Amino acid sequence: MNHRSGELYKDKWIACTTKDLVISGYYPPFGVRKHIPYERIVAVQAVDIGPLTGKLRIWGTSRLDWWAHLDPRRPSKQTALLIDVGRFVKPFISPEDPGTVKQIIEEHMSPGSSGG
């Protein structure tokens, strides 16, 4: 953990701070960051990355209800996280260490929210 910046986790595309989840490369075409305060997260669910669940997508989605941030390494990964923020479209993220990111999110979510 980087105590000065408040970062609990950081890889090239995903960061968990003490206040929010930060997804780099979220919005096309310039890859603007998306900040999601933990209190807005309703649930986080680990999902296997497969041919029908984002393995061949490095950005965007073929599903109307998921949006995947830019990640050129996604085809080599096995697990992603689906972030429910109470809206139809759910961010689909593929951190280098999904278990750690899921744990951090669950520890910082509002009471009554659920991990998946």
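Each value in this text was obtained by applying a stated rule to the coordinates, not by laboratory testing. All of these numbers come straight from a predicted model, not from anything done at the bench. Using ideal geometry, Cβ is built from the backbone for each residue, glycine included, and neighbour counts are taken over all protein chains shown.
Each Lys and Arg Cβ is given +1 and each Asp and Glu Cβ -1; about its Cα centre, the stretch 7-110 then shows a dipole of about 400 debye.
Entry for the stretch 7-110 at q = 0.15 Å⁻¹: log10 I(q)/I(0) = -0.53, Debye formula applied to identical alpha-carbon scatterers, no solvent contribution.
With a cut-off of 8 Å between alpha carbons and a minimum separation of six or more residues, what is the relative contact order of the chain in percent?
On the way: 238 pairs, mean separation 29.9, N = 116.
Reported relative contact order: 26 percent.
So which trypsin sites (Lys or Arg not before Pro) in the stretch 1-76 are both in a DSSP loop and have at most 10 other Cβ atoms within 10 Å of their Cβ?
Working: sites: Arg4, Lys10, Lys12, Lys19, Arg33, Lys34, Arg40, Lys55, Arg57, Arg63, Arg73; in loops: Arg4, Lys12, Lys19, Lys55, Arg57, Arg63, Arg73.
Answer in residue order: Arg4.
Applying a DSSP loop filter and a limit of 14 other Cβ atoms within 10 Å to the chymotrypsin sites (Phe, Trp or Tyr not before Pro) in the stretch 33-116 leaves Phe88. How about Lys77: which aspartates and glutamates have a C-alpha closer than 15 Å to its C-alpha, ignoring those fewer than 8 places off in the same chain? Filter leaves Asp11, Asp48, Glu96, Asp97. The slack between Ile58 and Ala46, meaning 0.36 nm per residue of separation minus the straight C-alpha distance, is 2.5 nm. Note on the chain: with a GNM built from Cα contacts shorter than 10 Å, the maximum mean-square fluctuation among Pro51, Pro37, Pro98 falls on Pro51.
Summing +1 for each Lys or Arg and -1 for each Asp or Glu among the other residues whose beta-carbon sits under 11 angstrom from that of Thr18 gives -2. In the chain, the longest principal axis of the Cα atoms and the axis of helix 98-108 are about 40 degrees apart. Potential lengthening of the chain between Glu7 and Asp65 amounts to 18.0 nm, from the contour at 0.36 nm per residue minus the alpha-carbon distance. Restricting the calculation to Cα atoms, the stretch 1-63 yields a radius of gyration followed by a Dmax of 13.5, 40 Å.
How big is D for the stretch 54-116, in µm² s⁻¹ as a whole number, if Stokes-Einstein is applied with the Kirkwood radius of its Cα pairs at 37 °C and 0.692 mPa s? Provide the component values of the computation, followed by the final result.
Working: Rh = 12.4 Å.
Once the numbers are plugged in, D ends up at 264 µm²/s.
Provide the gained length on full extension for the span Asp97 to Lys77, in nm with one decimal, where the gain is 0.36 nm per separating residue minus the Cα-Cα distance. My answer for the length gained is 6.2 nm. Cross-link partners of Lys19 among lysines, defined as those whose alpha carbon lies under 21 angstrom from its own and excluding same-chain residues fewer than eight positions apart: Lys10, Lys34, Lys90, Lys102.
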